[in-house]
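Before any comments, here is the structure.
Derivation of every value follows stated rules applied to the coordinates shown; laboratory data play no part. Computed from a predicted structure; not experimentally measured. Don't worry about glycine lacking a Cβ; one is built from the backbone with ideal geometry, like all the others, and counts go over all protein chains shown.
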Amino acid sequence: MAITSLPITIDRVRKAFGTYVALNDISLEIAAGEFLTLLGPSGSGKTTLLMALAGFVRPDSGSLVIGGRDVTRLSPDKRDIGIVFQNYALFPHMSVLANVEYPLILRKVSKADARARALTALARVKLEGYGDRNIAALSGGQRQRVALARAIVFEPRVMLMDEPLSALDKNLREHMQFEIRRLHDDLGITTIYVTHDQREALTMSDRIAVMDAGEIQQIATPSEIYHRPKTRFVAEFMGEANILPIDLLHRDDAGATISGLAMIRAESFHLDPAEIAGSKVAVKGTLSTKAFRGENWLLNLKTANGDEVMLSVPATRSAGCAGFRPGQELTAYAAAATVHSLPEGAAR
């Protein structure tokens, strides 16, 4: 199945529902063959933007261009887009094979050709031999694969996915993340994926667009989004982030000056300074709470000026954590290279 993917241009798209602004002048360029994730909390606008691309929501202003063609006012069936919904939207009265054939039958493909292409699509999602089964007899993961097969069977050049793994349990969800990424790499379809799960976005994406209140807060690679957030909102939304005044940190050298606020990830802290090569920073506090989470210990320190500092200490270097008591004074150390500067007025 050879597919020529298409680039997408979103230009100053705005959408309001009454007084509620769901999308506030969104502009975004998506490269052909890219896997882009729209990430954000509920109400951030990510699903509204996806539905606008699909044709189910019409923007109040702005344009949507796919492969050089303005599709802003085209109906969904004329956009050459594959869609996988959160609830899969499979037909329970049809067999697996009939569900996958359906988009081709709508497109007037011959029965023989539709059957051959549906079987190929099922093989791509590792469901060979499942064609005659009833949808109700499938597990959640198998239904998800049927939905994927149905979305790719007519060889769309753009794929939209709206939180397709949210109904699966943790282990299956993580497995399907790799399966979807494998399928994307095999087919090369331009993919826009919506999720509120940070780990899912980091695992699967070429780039992530973090959204909040109808706006894109930052768009970058997973590594840059995580380690070099541009705003306080992105820093805190992407994981356990400590946002601290610079003057709270003690440096062991006269290295480069850090301005504004310091962002340090919880897992960047060490309790033993000898574990850090090169220049480092330190922050002192008293232990307020601790929790064992299997792979790590989560410690919360309170500094003299009332700031809280989170430490995530891996089990491999957590000797002594079990014996710590609330009120105990501790010093946390981090490599200077892991300290990221945020402007004082960094928006949420």
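DSSP bridge analysis restricted to the chain gives an antiparallel fraction near 75%, rounded to the nearest 5. In this structure, the amide hydrogen of V158, modeled 1.01 Å from its nitrogen in the peptide plane, lies closer than 5 angstrom to those of G82, counting only residues at least 5 positions away or on a different chain.
A simple spin-label model places pseudo-atoms 7 Å from Cα toward Cβ; at H93 and F178 they are separated by 4.0 nm. The gain in end-to-end length when the A116 to N134 segment is fully stretched comes to 4.6 nm, 0.36 nm per residue minus the alpha carbon separation. Exposure proxy shown here: for H196, H250, the number of other Cβ atoms within 10 Å sets the order, fewest to most, as H250, H196.
Dipole of the chain, Cα-centred, from +1 at each Lys and Arg C-beta and -1 at each Asp and Glu C-beta, to the nearest 20 debye?
Charge dipole, the chain, about its Cα centre: 1000 debye, nearest 20.
Coupling constants for segment 161-170 follow from the phi torsions by the Karplus curve (6.51 cos²θ - 1.76 cosθ + 1.60, θ = phi - 60°), and in residue order they are 10, 9, 6, x, 10, 5, 8, 8, 6, 4 Hz; glycine and proline get x. For segment 234-244, backbone phi angles converted through the Karplus equation (6.51, -1.76, 1.60; θ = phi - 60°) give residue-by-residue couplings of 4, 4, 6, 6, 7, x, 6, 10, 9, 10, 10 Hz, Gly and Pro being listed as x.
Relative to the longest principal axis of the C-alpha atoms of the chain, give the angle of the C-alpha long axis of helix 96-106, reported between 0 and 90° and rounded to the nearest 10°. Helix 96-106 and the main axis of the chain meet at about 70 degrees. The candidate values are (i) -0.29, -0.50; (ii) -0.26, -0.42; (iii) -0.20, -0.36; the one derived from this structure for log10 I(q)/I(0) by the Debye sum over Cα atoms at q = 0.06, 0.08 Å⁻¹ carries the label (i). Using alpha carbons only, how many angstrom separate the centre of segment 22-41 from the centre of segment 278-348? If we compute the Cα centre of each part, the gap is 34 Å.
At the listed q of 0.19 Å⁻¹, the Debye profile of segment 1-135, built from one uniform point per Cα, gives log10 I(q)/I(0) equal to -1.15. Comparing Cα centroids, segment 119-169 and segment 210-225 end up 29 angstrom apart. Taken along the Cα-to-beta-carbon direction at a fixed 7 Å, the label points for S27 and T331 span 5.0 nm.
Just so you know, the Rg over Rh for segment 242-342 is 0.95, from Cα atoms, with Rh as the Kirkwood radius. Under 15 Å of direct C-alpha separation, and excluding same-chain neighbours fewer than eight residues apart, K15 reaches these aspartates and glutamates: D25, D60, D212, E215.
Sorting V313, V146, V57 by the number of Cβ atoms found within 10 Å of their own Cβ, with the fewest placed first, yields V57, V313, V146.
Per residue, the Cα convex hull of segment 157-252 amounts to 138 Å³.
Going by neighbour counts of Cβ atoms within 10 Å, the residues D252, D212, D113 line up, fewest first, as D113, D252, D212.
A simple rule links phi to the HN-Hα coupling: the Karplus curve 6.51 cos²θ - 1.76 cosθ + 1.60 with θ = phi - 60°, which for segment 142-155 gives 5, 5, 4, 5, 4, 4, 5, 4, 5, 6, 9, 5, 8, 6 Hz, with x for Gly and Pro. Counting only lysines at least 8 places from K78 when in the same chain, those with an alpha carbon closer than 17 Å to its own are K108.
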